[in-house]
Amino acid sequence: MLYQELEYIANRRNAVFGNGKLSGKDAEKNLVGLCLSGGGIRSATFNLGMIQALFRKNLLQYVDYLSTVSGGGYIGACITSLLNSTPKRQGDYKYVFDKKYFPFEKSQLNKDKAAVKWLRYFSNYLTAEGGFIDKYFKPAMVFLRGLITNSLVTIPYVLLVSILLLFVFHDDIKVSTV
C-alpha cells in the first residue's frame, strides 16, 4: 500500500512539475506534510491566510500530505477537494495551482471571492461585522441576557441557603434594637 501511495505522489509531482523523472522511491525521500490546527472559525481564518501565503509563494504545490483538526478541517476539506478534482486533461494538475482557478485567491478586481468573504465576515463570532446595532448593541444584549439568566438560576439557591441558616441558627441570632 505504501508503494502505491508513493507512486501516486511521484506521478502527481511529475505532472505538476513536468519533469516525468521522479519515482516512488525518490518521492519517499522528501515528503512534505501540512498540518492545519483547530480552534473553530478563528483557526479556519488563520489557516486560510496561511494557505494563501503558501500559494502565493508557490509552496502549496509541494504538499503531499494534509492533516487537519476542527477549524483547520474547513480549509483542509476545501484544499483536499481542490487537489483531488479531476484535471481538465488527464494528468494536467498545473491548472489547480493557477491563480485563475485557485478558490482562495483574490479576483482580478482584487476582491475576495465569495467563500473567502463569508469566512472573513463570520470569523469574529463575538461581534460580527455590520452596523452599530450588530456590532455593539447585540453583544451588549447577549451579555445582559446571560447575566439575568445566571442571576435567576443563582438567586433562589442563595435565598434557600439563607433561610436554612436562619432556621438552624435562629436561637443564636440576636436582634439588637438601638
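The values are calculated or read from the model by the stated rules, or taken from the named source; none is laboratory data. Since we're looking at a predicted model, the values are computed, not measured. Methodologically, a virtual Cβ is constructed for each residue, glycine included, from the backbone with ideal geometry; neighbour enumeration extends over all protein chains shown. Keep in mind that these areas ignore ligands, DNA and RNA; they rest on the heavy atoms of the full protein, side chains included. Shrake-Rupley method; radii C 1.70, N 1.55, O 1.52, S 1.80 Å.
Being at pLDDT 85 or above and not in a loop (DSSP other than H, G, I, E, B) is a property that does not hold for residue 6. Inside the range 39-74, residues that are within 23 Å of residue 6 (Cα to Cα), in contact with a Ser or Thr (Cβ under 9 Å, 6 or more places away or on another chain) and aliphatic (A, V, I, L, M) make up a count of 1. Tell me yes or no: at least one residue of the range 90-107 is farther than 23 Å from residue 54 by Cβ, open to solvent by 70 Å² or more (accessible area, probe 1.4 Å) and at pLDDT below 75. There is at least one residue in the range 90-107 that is farther than 23 Å from residue 54 by Cβ, open to solvent by 70 Å² or more (accessible area, probe 1.4 Å) and at pLDDT below 75. With the structure loaded, tell me whether residue 135 is under 26 Å from residue 117 (Cα atoms) and either at pLDDT below 90 or surrounded by 10 or more Cβ atoms within 10 Å (Cβ to Cβ) (or both) or whether it fails that test. In short, yes. For the range 55-72, filtered to residues that are in a helix (DSSP H, G or I) and either of a type in the set (Ser, Thr, Tyr) or surrounded by fewer than 17 Cβ atoms within 10 Å (Cβ to Cβ) (or both), the residue that is farthest from the chain's Cα centre (by Cα) is 62. The one condition from (1) at pLDDT below 70; (2) part of a helix (DSSP H, G or I); (3) open to solvent by 70 Å² or more (accessible area, probe 1.4 Å) that residue 115 does not meet is (3).
With the requirement that a residue be open to solvent by less than 20 Å² (accessible area, probe 1.4 Å) and under 11 Å from the mean Cα position of the chain (by Cα), what does the range 41-54 give you? Hits for the range 41-54 are 43, 44, 47, 48. Report whether or not residue 130 is surrounded by 10 or more Cβ atoms within 10 Å (Cβ to Cβ) and at pLDDT 85 or above. It is false that residue 130 is surrounded by 10 or more Cβ atoms within 10 Å (Cβ to Cβ) and at pLDDT 85 or above.
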